[in-house]
Ligand code: NCD
């Protein structure tokens, strides 16, 4: 059973799913659900009907920095589109041509760009814990877009949204995560989150890919036999073999793996998928290596939810950005209370705060908040 916790969102950072409560995950998924119509670029009906321009999005005049220090296609694009569809301006940091190349530290880079005014930093980095270190160093929100083989929270959340859509729930499901678990931040974040939402997760792969899981702070169920566990599975998530991470590993020279043996035992073929539960769905975080972990027939077949995952990604990131920046706003308000806040006049009445810009405008035009309607109707006559 999923742990019941009070719903709500109070965090200004999204660094991982290890720390989140089930209630927070549910809250974010529910918020993402509302953004889904915009995830494919749909515009509000009034704009399509040629009516006056839509009001600026909830993140209008906000600035989001995409600080990607590792390659990315889906995650970077998805964060950019999510922020822009909420009305924010996005600055795309170019790691390859930045002062990181001149040995500036990541934290100095982040602090310097924040000094120009930022609301959120979306960071991907090859060092475990880099987003957490940046979050300590800056005041704005920080969202982890993947750190080493540690966490990739928004990927897991978009996986949950796609599963919930296709299967109607997360509770009581069995999800196999298959392949290069050892090097996968996606597997780790999925395990943390799915376990909290009441799903059973089985990590499946050859022994070298099931080693090095000692860092995971949750019970881990593993299997080396994909064919044996498939009949239990409601969802099968295939992972890419992350060759680029193997070099860094012991034994020196990387993980010993015969690709033909690997394909024979773990490639998701149509025949193999037929062993899974009726209506089982296929997931993959991308990028896909067709013909290695998955066949074309399965990747493009009727049970594949792979492109739906990508669509869900924009909605999840819209939710994550707006919830985190919302929490940041509340923190900023508390940190910098209104100058008049808390002041008491000599007669004991609280001092009225000075008017906001909007209020001043109304005052100049001789309009009180209540009088605005009247002014509007006469002007519009
Ligand atoms: C994954 C990642 O970068 O961790 N992809 C993604 O973000 N969509 C998985 C991978 O690179 O294989």
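Do you know which residues across segment 196-212 are more than 17 Å from residue 258 (Cβ to Cβ) and at pLDDT 95 or above?
Once the filter is applied, which keeps residues that are more than 17 Å from residue 258 (Cβ to Cβ) and at pLDDT 95 or above, segment 196-212 yields 196, 197, 198, 199, 200, 201, 202, 203, 204.
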Item to check | Those residues of segment 94-117 which are surrounded by 12 or more Cβ atoms within 10 Å (Cβ to Cβ) and under 21 Å from residue 324 (Cα atoms), in sequence order | outcome: 107, 110, 111, 113, 114
Next on the checklist: Give me the residue from segment 61-82 that is touching a helix residue (DSSP H, G or I) at 6+ places or on another chain (Cβ under 6 Å) and more than 23 Å from residue 245 (Cα to Cα) and, out of that set, nearest to the ligand (Cβ to nearest atom).
Outcome noted: 78
Checklist entry - Residues in segment 196-212 that are under 23 Å from the mean Cα position of the chain (by Cα) and within 16 Å of the ligand (Cβ to nearest atom): how many? => result 1
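Can you name the residue in segment 118-134 that is buried (at least 22 other Cβ atoms within 10 Å of the Cβ) and away from the ligand (no atom under 16 Å from the Cβ) and, of all such residues, is farthest from residue 330 (Cα to Cα)?
From segment 118-134, those buried (at least 22 other Cβ atoms within 10 Å of the Cβ) are 119-125, 130-131, 134; that's our starting set.
From what is left, the residues that are away from the ligand (no atom under 16 Å from the Cβ) are 119-121, 134.
Working: 119: 12, 120: 14, 121: 18, 134: 20 Å.
If we take residues in segment 118-134 being buried (at least 22 other Cβ atoms within 10 Å of the Cβ) and away from the ligand (no atom under 16 Å from the Cβ), then 134 is farthest from residue 330 (Cα to Cα).
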Checklist outcome for this item: Of the residues in segment 247-271 that are at pLDDT below 85 and surrounded by 10 or more Cβ atoms within 10 Å (Cβ to Cβ), the one that is farthest from the chain's Cα centre (by Cα) is 257
Next on the checklist: Scan segment 181-195 and tell me whether some residue there is away from the ligand (no atom under 16 Å from the Cβ) and at pLDDT 95 or above.
Outcome noted: yes
Checklist entry - Does any residue of segment 326-345 turn out to be in contact with a helix residue (DSSP H, G or I) (Cβ under 8 Å, 6 or more places away or on another chain) and either at pLDDT 95 or above or assigned by TED's automatic domain parsing to the domain that holds residue 30 (or both)? => result no
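Does segment 142-161 contain any residue that is more than 16 Å from the ligand (Cβ to nearest atom) and more than 25 Å from residue 72 (Cβ to Cβ)?
Here is the first cut: in segment 142-161, the residues more than 16 Å from the ligand (Cβ to nearest atom) are 142.
Right, trim to more than 25 Å from residue 72 (Cβ to Cβ) and you get none.
Among the residues of segment 142-161, not one is more than 16 Å from the ligand (Cβ to nearest atom) and more than 25 Å from residue 72 (Cβ to Cβ), which makes the answer no.
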Checklist outcome for this item: residue 309 meets each of (1) part of a loop (DSSP other than H, G, I, E, B); (2) within 16 Å of the ligand (Cβ to nearest atom); (3) crowded, with 18+ Cβ neighbours inside 10 Å with one exception, condition (1)
Item to check | Within segment 157-184, tally of residues that are closer than 21 Å to residue 223 by Cβ and either outside the structural domain of residue 217 (by TED's automatic domain parsing) or without any contact (Cβ under 8 Å) to a residue 60 or more places away in the chain (or both) | outcome: 3
Next on the checklist: Against the condition more than 16 Å from the ligand (Cβ to nearest atom), under 17 Å from the mean Cα position of the chain (by Cα) and more than 23 Å from residue 331 (Cα to Cα), how does residue 164 come out, does it pass?
Outcome noted: yes
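The values are calculated or read from the model by the stated rules, or taken from the named source; none is laboratory data. This is a predicted model, so every value here is computed, not measured. For neighbour counting, all protein chains shown are included, and Cβ atoms are generated from backbone atoms with ideal geometry for every residue, glycine included.
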